[in-house]
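The values are calculated or read from the model by the stated rules, or taken from the named source; none is laboratory data. These numbers come from a predicted model, not from an experiment. Cβ sites come from the backbone with ideal geometry, for glycine too, and all protein chains shown count toward neighbours. Just the protein is used for accessible areas: all its heavy atoms, side chains included, with ligands, DNA and RNA removed. Shrake-Rupley method; radii C 1.70, N 1.55, O 1.52, S 1.80 Å.
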Amino acid sequence: MSFSPKQDSSHWCLEQTLAYAVDDLCLPAQADRVPNPRMIAWNELLAAEMGLDLPNDEAGAQIFSGNRLPAGAEPSAQAYAGHQFGNFVPLLGDGRALLLGEVVDRYGKRRDIQLKGAGRTPFSRGGDGKAALGPVLREYLVSEAMHALGIPTTRALAAVTTGETLWRQGEVPGAILTRVATSHIRVGTFEFLAARGGDAVRLKQLADYVINRHYPALKDSVSPYIELLAAVVDAQANLVARWMSIGFVHGVMNTDNTSIAGETIDYGPCAFMDAYHPKTVFSSIDLQGRYAYGNQPNIARWNLARFAETLLPLIDTDGDAAIAQANTVLADFPGRYARHWLAAMRPKLGLSSDTGVSDSADTELIHWLLTAMQSERVDFTQGFRQLSTAVRGNSEPLRSLFNGSADFADWLERWNTRVAQEKRTADARAERMDAVNPVIIPRNHQVEAMIEAAVREGDFAPFHALLAAVTHPFENRPEWQKYAEPAPASFGPFTTFCGT
């Protein structure tokens, strides 16, 4: 049951520009009152970056649970549609999330602040709108790990327990995540308006808003909407290339989970690979492997085609001309993705683009390594991290990962010949590699153990310990050695669930 919360005295300078820029896209909603909120974590560094004065734990728990709202908050739920596993759903929306408002951070960047799991909204579709503790901890930890890895992502500002018990195939504690995003506008947001009988007025309002907020360089363009498509295509190509470079599997790349700002959003059945294989799937509902690791670039392009369809009335009044222009931009996705992927992968092997070696030669060298990793079931993260050890003169740890493979030995000889063409010293190359090849990622077995301790025992120490490690992913500390190890064989095949 919703209620009208009191406003807290915290001065966050909240604004609501999207709600006023696009008619009827945001519907008013209120958080459910929770009985006993308690702070789990709050992100002091992010709060400082955003210029927020965070209160003490007791007052903070009241704010981040929705029991009290910062001054100026006007909670709302956003409408959007989406293609889910290829099937179009004309109305989805924030079924368990409330946008409190927007702030402009210390760098002049506008950001949304959203409560996730705060109760029913007009889009809840029969659900309770609440979030269980496990998915809240997973999203907090993984989103902050992604930020530390340099991947564009939504962020976690705070997490609280609510004192409620929820039913999710059994009783589990309730929790709420406070999420920060450059915005929560998705491909599905455009699809929602496009599906409403060709509402060109609101579609233009939304496109203009996105340009002003995310791509201001396009404001004076003579063809702003085709350039908007190109900008989003490039942002998504870069994002997915970065995912691929660290072995990240999003798990549910629906269009409603595709951010127009080019950020990773909605950490549901996500996970990181241990042993490398392009067909890796973790999601319990992805039975056909639509969102497998190796298929992520193709799905990104498919999602972008759906975005392009929504923009056609704005691109050109001549339908055929609009389609031709959009297809030209979409046809450039593979090239854009290939460039971003190579830019992300080259440094992992100690390579640079200033040696005169062709892109195609380096691409072939990288794919040869990946093929050997797949053949020998090499751990993705360890395999790349050990490359710098070989650069420093000891290739035995790297060779041992590949089980003495003759194919890998041939690759190693070819790679040594290639890196000899680099202008940097071996030490400089190794340091550069260590700055992009993490020691620590959110290993699935460690994440599950952390969640189990919190949910079953109320013990948050494993969460805080793991969070500290994954937010310093390139530091090789002895006390964090257990977080760098792959899962033991007894952990078995890993499956994730959406958490809703």
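What the phi angles of the stretch 485-492 give under the Karplus curve with 6.51, -1.76 and 1.60, with θ = phi - 60°, is a coupling list of 8, x, 5, x, 4, 5, 5, x Hz, glycine and proline written as x.
With both labels modelled 7 Å from their Cα along Cα-to-Cβ, the Glu475 to Asn394 distance reads 2.2 nm.
The residues of the stretch 360-500 expose on average 49 square angstrom of accessible surface per residue, using a 1.4 Å probe on protein heavy atoms.
Lys/Arg Cβ at +1, Asp/Glu Cβ at -1, dipole of the chain taken about the Cα centre: which of Gly72, Ile260, Gln446 is farthest positive-ward? Projecting each Cα onto the dipole axis, the largest value belongs to Gln446. Under the shape rule built on the C-alpha gyration tensor, where the axes satisfy a ≥ b ≥ c, the stretch 151-216 is oblate, since a/c reaches at least 1.5 while a/b does not exceed b/c. Compactness check for the stretch 251-390: Cα Rg over 2.2 N^0.38 Å is 1.26.
For the stretch 1-132, the Kirkwood radius over C-alpha pairs fed into Stokes-Einstein at 37 °C and 0.692 mPa s yields D = 211 µm² per second.
Applying both filters, DSSP loop and at most 15 other Cβ atoms within 10 Å, to the GluC sites (Glu not before Pro) of the stretch 431-500 gives Glu475. To put it simply, the accessible area of the stretch 264-405 at a 1.4 Å probe is 50 percent carbon and sulfur.
Taking all protein chains into account, the per residue accessible area for the stretch 149-282 stands at 28 Å² (1.4 Å probe). Inter-part distance, the stretch 238-278 to the stretch 465-500, computed on C-alpha centroids, equals 17 Å.
A Förster radius of 45 Å combined with the Cβ-Cβ distance from Ala406 to Glu452 puts the calculated FRET efficiency at roughly 0.60. Evaluated with a Cβ-only charge set (Lys, Arg +1; Asp, Glu -1), the stretch 25-81 carries a dipole of roughly 240 debye about its Cα centre, given to the nearest 20. Computed from the Cβ-Cβ distance with R0 of 51 Å, the FRET efficiency linking Phe85 to Asp320 stands at 0.95.
Ignoring lysines fewer than eight residues from Lys423 along the same chain, the ones with Cα atoms less than 28 angstrom from its Cα are Lys348. Protection proxy ranking of 206-216, 99-109, by the mean of other Cβ atoms within 10 Å over each peptide's residues and highest first, is 206-216, 99-109.
Only Cα pairs under 8 Å and 6+ residues apart enter the sum, and on that basis the relative contact order of the chain stands at 14 percent. Once the 1.4 Å probe is applied to the protein heavy atoms, the stretch 52-127 comes out at 36 Å² accessible per residue. With the highest mean first, a sort of the peptides 387-400, 332-345 on other beta-carbon atoms found within 10 angstrom per residue produces 332-345, 387-400. Heavy-atom surface analysis with a 1.4 Å probe gives the stretch 136-211 a carbon and sulfur content of 53 percent of its accessible area. Taking a straight Cα-Cα cut-off under 30 Å and skipping sequence neighbours fewer than 8 places away in the same chain, the lysines within cross-link reach of Lys116 are Lys6, Lys130, Lys204. Distance distribution note for the stretch 431-476: the fraction of Cα pairs above 14 angstrom is 52%. Full extension of the chain between Asp332 and Thr355 yields a length gain of 5.7 nm, computed as 0.36 nm times the residue separation minus the alpha carbon distance. Charge dipole (Cα centre; +1 on Lys/Arg Cβ, -1 on Asp/Glu Cβ; no other charges) of the chain amounts to roughly 240 debye.
Distance from the C-alpha centroid of the stretch 38-74 to that of the stretch 377-449: 42 Å, rounded to the whole angstrom. Here the calculated FRET efficiency for Ala200 and Asn298, from their Cβ-Cβ distance with R0 = 30 Å, stands at 0.45, rounded to the nearest 0.05.
Is the stretch 64-190 rounded, prolate or oblate when judged by the Cα gyration tensor, a ≥ b ≥ c being the square roots of its eigenvalues, rounded requiring a/c under 1.5 and prolate requiring a/b larger than b/c? In terms of gyration-tensor shape, rounded. Placing +1 on the Cβ of every Lys and Arg and -1 on the Cβ of every Asp and Glu, with no other charges, gives the stretch 1-139 a dipole of roughly 380 debye about its Cα centre.
Taking the helices alone, the chain has a mean residue ellipticity at 222 nm of -13000 deg cm²/dmol, built from -39,500 (n - 2.57) per DSSP H run of at least 4 residues and averaged over all its residues. A crude spin-label estimate for the pair Leu27 and Arg110, with each label 7 Å from Cα along the Cβ direction, gives 2.4 nm. The per residue volume of the convex hull around the alpha-carbon atoms of the chain is 156 Å³.
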